[in-house]
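Below is one structure; the comments refer to it alone.
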Amino acid sequence: MEINGITRGNLVRRRIEPLRPAKPWQPDILLVQGDSHPVVVKDYRPRGFLYRFFVGIPSTWNEARIYRKLAGIGGIPRCHGKLDRYAVAIEYIEGRNASKVKPGELPHEFFHRLQQVVDAVHERRIVLCDLRNKKNIMVSKSGEPYLIDLCTAFERGRGWNPVRSWIYGIFHQDDYIGLSKLKRQLAPELLTPEEADQLDRGLFMQKQVMAIRDFCVRWLKQLVSRSSVR
């Protein structure tokens, strides 16, 4: 598929710069020059077969689908579509992620607008699942909040499914805990007692879930490292 003049065949030639260092267990994140404007391409194809097949294909499909469902929400970059089953092209937001912001640097209004973005996402029955990671929150050049890296976002769906609804409820709360964590780190004066209490207590079975997640990440890294050696 061609997106703004970018194809799989000319992707390397049109690359401006990588937006993060390449790792064997992560996709390449590239800033690529389109015909009319630069775009961000998230590409799993350079990774080993096991990773790109079992992680890259479903992640690319899910991220493109989630972006489509969130289209029109301010603070969500526009998805230009998939180059192929391994790569998705997303609107480039010039700015920096929240991990590069110092405490007290952002106006209070930024956090209010950020919560409005999260509320709008939830209204479409989608949770972000990784909002605790400050690198997934962008501060645009004009000071507006944007949410990026939606490959792990989760949709509740409309059918009756108690397990899916339970998982959705956990991550719905976790998204707001992510906002509270950001406030504590960058604007602690905005943190309410209720938010501080929930942040300290965490979620039901949170430690167990995090332990399982960390184990899966370690296993994935080992699997990718072994396949790369071969």
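The values are calculated or read from the model by the stated rules, or taken from the named source; none is laboratory data. All of these numbers come straight from a predicted model, not from anything done at the bench. Neighbour counts are summed over all protein chains in view; Cβ atoms, including those assigned to glycine, are modelled from backbone coordinates with ideal geometry.
Number of residues in the stretch 138-180 that are among the basic types (Lys, Arg) and touching a helix residue (DSSP H, G or I) at 6+ places or on another chain (Cβ under 6 Å): the value is 1. Would you check if Arg47 is under 29 Å from Glu123 (Cβ atoms) and of a type in the set (D, E, K, R)? When the stated conditions are applied, Arg47 does not pass them.
Residues in the stretch 82-118 that are touching a residue at least 60 places away in the same chain (Cβ under 8 Å) and either hydrophobic (A, V, I, L, M, F, W, C) or in a helix (DSSP H, G or I) (or both): Leu83, Ala87, Ala89, Ala98, Val101, Leu106, His108, Phe111, Leu114, Gln115, Val118.
I'd like the full set of residues that are over 20 Å from Thr60 (Cα atoms) and either part of a loop (DSSP other than H, G, I, E, B) or in contact (Cβ under 8 Å) with a residue 60 or more places away in the chain (or both), limited to the stretch 139-157. Lys141, Ser142, Gly143, Glu144, Pro145, listed by residue number.
Looking only at the stretch 14-56, residues that are surrounded by 14 or more Cβ atoms within 10 Å (Cβ to Cβ) and assigned to a helix (DSSP H, G or I) come to 7 in all.
In the stretch 57-96, of all residues being aromatic (Phe, Trp, Tyr) and surrounded by 17 or more Cβ atoms within 10 Å (Cβ to Cβ), the one that is nearest to Ile126 (Cα to Cα) corresponds to Tyr67. Taken over the stretch 149-190, the criterion of being among the small types (Gly, Ala, Ser) and buried (at least 19 other Cβ atoms within 10 Å of the Cβ) is satisfied by Ala153, Gly178, Ser180. Here is the figure for the stretch 41-70: residues that are under 18 Å from Leu128 (Cβ atoms) and either of a type in the set (A, V, I, L, M) or in the same structural domain as Val127 (by TED's automatic domain parsing) (or both) total 3. Annotation note: Cβ proximity below 8 Å between a residue of the stretch 49-73 that is modelled with pLDDT under 95 and a residue that is in a helix (DSSP H, G or I) and not small (Gly, Ala, Ser) (sequence gap 6+ or interchain) occurs for Leu50/Leu223; Leu50/Val224; Tyr51/Leu220; Tyr51/Leu223; Tyr51/Val224; Val55/Leu220.
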